[in-house]
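For reference, the structure discussed in these notes is given below.
The values are calculated or read from the model by the stated rules, or taken from the named source; none is laboratory data. This one's a predicted model, so the numbers in the text were calculated from it and none came from an experiment. Heads up, the Cβs are rebuilt from the backbone with ideal geometry, glycines too, and the neighbour counts pull from every protein chain shown. Side chains included, ligands, DNA and RNA excluded: accessible areas come from the protein's heavy atoms. Shrake-Rupley method; radii C 1.70, N 1.55, O 1.52, S 1.80 Å.
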Amino acid sequence: MQRSLRKVRLIYVWLMLAACIGIGSLSALAAGLEPGAHAGTLQGAPYRIDIPANWNGDLVMLMHGYQPVGAPKTTPMRAAEATPIFLKQGYAVAQSEYASQGWAVGDAVVDNERLRRHFIRAFARPAHTWIYGFSLGGLETAASIERYQHVYTGALVMCGVTVSTPDLLSRAVVTPLVAFDALIPGILPDLAAPDSPPFIPPAVFAKALQAHPKQASLLEKRLQETPETLPSLALDYMVLRELEQRAGGMPVDNRKTIYHGFGDDAAFNRQVHRYAGSPAAMAYAQRNVTLTGRIDAPLVMQWNAFDQTIPSRFHPIYPDQVRAAGNGKLLTVLAPTGDGHCNFTDAQISAAFETLVHRAGIEGH
């Protein structure tokens, strides 16, 4: 009888402990989880997992932005700047550096999912799993919640490039470049030529724009840029050349595109350089990735009021897709704030994440 009573008391204590610290934390303790940073490599993708001493049982998968090919890497992997925001609140954070750099969208989605499963095998199954992505990581986050249904409790996208790759390349990369080339000819090489340089310094664009103020003004107005930010055309050029290498050819076909807003539309469309896209390259861009708006978890999104990398004309595209897919009830778009690309304070990121947790109906976090 006394043995049975002790057993009942033990079960009661176990249940009370689970209620206090969370079943996820209890599972982690049972598995011998050690707080701190854990780094390694999974199928060619470096990763980093940070677990706070006060782990609340939840996991945040963090997806970083565009990393140019050849950018130096650190060993162990350096945590993204936003990592401490989540750690201070008791969340574990897992992030992959992906198996490749550049337009690594395809690798990113797969590597992130592989890391999530690794966390479960190596540590514990989280009570809730969240996903946070910024810049290009926003596209990868949207693709992840679409592809891996019923996995995430909620998703946060800040300053995200949430436009399907084919549309993004056409409207945000090739259009600015061919417009610059048509208005200020003789600077850009053939965008589809294999021997064109992989990079053109921003100073080259800046010098040409300063020498042609009327044309520069047209580009600034149409592309939602400023004289200071318009030389970021160098980033567009670098992204296109890198993706051409990855996809095996020109991923955009603009032979039938009718351009508007660059002065005399008829004259501009006669003058603009036309490119025949490579079918294989265009198919690659479509696979990596095309968004649908079909999500099954709460999604919170926020942009900067002025973003030279992702102008405001691109901000409504994915929210409109989500609504068109019948998932508007899962979407929260916060008011834009601040100037610059991904220029948010820690407090703003934390507030956006708190909004997500509230929308997901999770109490006590």
Any lysines whose Cα falls less than 17 Å from that of K207, other than same-chain ones fewer than 8 residues away, would be none
Size of the dipole of region 165-286 about the Cα centre, Lys and Arg at +1 and Asp and Glu at -1 on the beta carbon, nothing else charged, in debye to 20?
200
Using θ = phi - 60° and the Karplus curve 6.51 cos²θ - 1.76 cosθ + 1.60, what whole-Hz ³J(HN,Hα) does each residue of region 221-236 get, with Gly and Pro shown as x?
5, 6, 9, 6, 10, 10, x, 6, 9, 4, x, 5, 3, 4, 5, 4
Debye, to nearest 20: dipole size of region 79-208, +1 on Lys, Arg Cβ, -1 on Asp, Glu Cβ
600
Among beta bridges assigned by DSSP with both residues in the chain, the antiparallel ones amount in percent, to the nearest 5, to 35
How would you order 315-322, 239-246 from highest to lowest mean count of nearby Cβ atoms within 10 Å?
239-246, 315-322
Using modelled backbone amide H atoms (1.01 Å from N, in-plane), which distant-in-sequence or interchain residues come within less than 5 Å of G340's amide H?
F306, D307, Q308
Rolling a 1.4 angstrom probe over the protein heavy atoms, how many square angstrom per residue are accessible across the chain?
46
With runs of 4+ DSSP H residues as the only contributors, calculate the mean residue ellipticity of the chain at 222 nm using -39,500 (n - 2.57) per run, divided by the residue total and rounded to the nearest 500.
-12500 deg cm²/dmol
If you place +1 on the Cβ of every Lys and Arg, -1 on the Cβ of every Asp and Glu, and leave all else neutral, what size is the dipole of the chain about its Cα centre, to the nearest 20 Debye?
1240
Compute the long axis of helix 136-147 from its Cα atoms, compare it with the longest principal axis of the Cα atoms of the chain, and write down the angle in degrees, 0 to 90, nearest 10.
60
Provide the gained length on full extension for the span H212 to S312, in nm with one decimal, where the gain is 0.36 nm per separating residue minus the Cα-Cα distance.
33.5 nm
Pop out the ³J(HN,Hα) list for region 317-329 in order, Karplus 6.51 cos²θ - 1.76 cosθ + 1.60 with θ = phi - 60°, rounded to Hz; leave Gly and Pro as x.
4, 6, x, 5, 5, 4, 5, 5, 7, x, 10, x, 5
First check a/c for region 292-365, with a ≥ b ≥ c the square roots of the eigenvalues of its C-alpha gyration tensor; if it is under 1.5, answer rounded, and if not, answer prolate when a/b is larger than b/c or oblate otherwise.
oblate
So if each residue of separation counts as 0.36 nm, and I subtract the Cα-Cα distance between S196 and T345, what length gain in nm does that give?
49.7 nm
Roughly how many whole Å is it from the C-alpha centroid of region 236-305 to that of region 80-108?
26
Please turn the phi angles of region 120-130 into ³J(HN,Hα) values with the Karplus equation 6.51 cos²θ - 1.76 cosθ + 1.60 (θ = phi - 60°), one per residue in order, whole Hz, x for glycine and proline.
5, 5, 7, 10, 6, 7, x, 5, 9, 10, 10
Under 16 Å from the Cα of K214 - aspartates and glutamates, other chains or at least 8 residues apart:
D181, E225, E228, D264, D265
Report which label in [x] 0.96; [y] 1.02; [z] 1.06 holds the value of Rg/Rh (Cα atoms, Kirkwood Rh) derived from the coordinates of this structure.
[z]
Restricting to aspartates and glutamates and to Cα separations under 14 Å from K88, and discarding same-chain partners fewer than 8 apart, the set is D50, D58, D346, E354
